[in-house]
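This report concerns only the one structure given below.
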There are 2 protein chains.
Amino acid sequence: MPYMTSIENVMTRPTDINELNHRAEEVAALLKTLSHANRLLIACALTEGEMSVGDLASYTGAEQSHLSRDLSRMRHEGLVKARRQSKNVFYRLIDNRLERLVAALCDTFGAAGVK
Amino acid sequence: MPYMTSIENVMTRPTDINELNHRAEEVAALLKTLSHANRLLIACALTEGEMSVGDLASYTGAEQSHLSRDLSRMRHEGLVKARRQSKNVFYRLIDNRLERLVAALCDTFGAAGVK
DNA sequence: GCATATATATATCATATGCCATATATGACA
DNA sequence: TGTCATATATGGCATATGATATATATATGC
């Protein structure tokens, strides 16, 4: 191991590399879900509160089937929750990491970002 | 367009939906790059300053060829820059959006995140 | 030429995406 | 009740994109 320029950094990290990687994979998984314009916009929209699928369609301009599939995925990943009210299904965020992350994104990218 | 619950939101957004989508795609592209444990760790490591590929190998535990490929990708995307010094190649972040984003991730996920 | 450090190529495989069709659920109304 | 319209969900299929493993290539210093 010839290159130890940042040995302290490595050492002050979560005990071992496996642990670090495990954590990185979790965060990366979340980012992966957001790494698609439609899902990112969905997440962004929902930070403002509950919205129906129809609302989200207006907001994102996405095709209905895509929207539904993306919401399904986000549901399975525990990011959003659905609630049916008559003909509409309303979605809301249930992972506050996600809320905070989207807020951070808006912060970082400002008007050029997601908001 | 029956569902206008959040018409104000839509309207206070970047002029039109195309514009909004375009912005979302840019951010999504950045997130996509970070949505992989190795690249996320690379970005995280580099927020602490320049590191050689060897350093990054120690830090992330990733295989050399993977590391090189990921760095190549990040280079092409304008996220990092390389500088050769004798046998080593040192990388550093050159996109401050990335720095801010990683900082936000650390903030959001704390010790459970990337740091 | 040899060792070390880094980069790239190739093959294979899995997954995501888009497009389109269709299915289900709810409500309205004859 | 039966049918119709609306809202949402899901499935098939072609293609694109990304991951992984492995091999090989380039650059530097001795």
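When the stretch B:34-67 is examined, which residues are found to be more than 12 Å from the chain's Cα centre (by Cα) and in contact (Cβ under 8 Å) with a residue 40 or more places away in the chain? The answer is B:Gly49, B:Glu50, B:Met51. Just the residues that are surrounded by fewer than 22 Cβ atoms within 10 Å (Cβ to Cβ), facing chain A (nearest Cβ under 7 Å) and within 14 Å of DNA strand C (Cβ to nearest atom), please, taken from the stretch B:44-57. Within the stretch B:44-57, B:Ser52, B:Gly54 meet the criteria. If you go through the stretch B:28-43 and keep only what is more than 7 Å from chain A (Cβ to nearest Cβ) and in contact with a Leu (Cβ under 8 Å, 6 or more places away or on another chain), you end up with B:Leu30, B:Thr33, B:Asn38, B:Ile42, B:Ala43. A:Lys32 satisfies every condition listed in (1) charged (D, E, K, R); (2) in contact with a Ser or Thr (Cβ under 6 Å, 6 or more places away or on another chain); (3) more than 14 Å from DNA strand C (Cβ to nearest atom) except (3). The conditions are (1) at pLDDT below 95; (2) more than 21 Å from A:Asn21 (Cα to Cα); (3) more than 10 Å from chain A (Cβ to nearest Cβ), and B:Glu63 fails exactly one of them. Which is it? For B:Glu63, the exception is condition (2).
The set of residues in the stretch A:64-96 being within 15 Å of A:Leu40 (Cβ to Cβ) and either among the polar types (S, T, N, Q) or more than 8 Å from DNA strand C (Cβ to nearest atom) (or both) consists of A:Leu67, A:Leu71, A:Met74, A:Glu77, A:Leu79, A:Val80, A:Tyr91, A:Leu93, A:Asp95. Residues in the stretch B:66-83 that are part of a helix (DSSP H, G or I) and either more than 22 Å from A:His22 (Cα to Cα) or more than 12 Å from DNA strand D (Cβ to nearest atom) (or both): B:Leu71, B:Ser72, B:Arg73, B:Arg75, B:His76. When the stretch B:88-103 is filtered for residues that are modelled with pLDDT of 95 or more and within 13 Å of chain A (Cβ to nearest Cβ), the ones remaining, listed by number, are B:Asn88, B:Val89, B:Phe90, B:Tyr91, B:Arg92.
The values are calculated or read from the model by the stated rules, or taken from the named source; none is laboratory data. Everything numeric here is computed off the predicted structure, so don't read it as measured data. Positions of Cβ are generated from backbone atoms using ideal geometry, with glycine treated the same way; all protein chains shown enter the neighbour counts.
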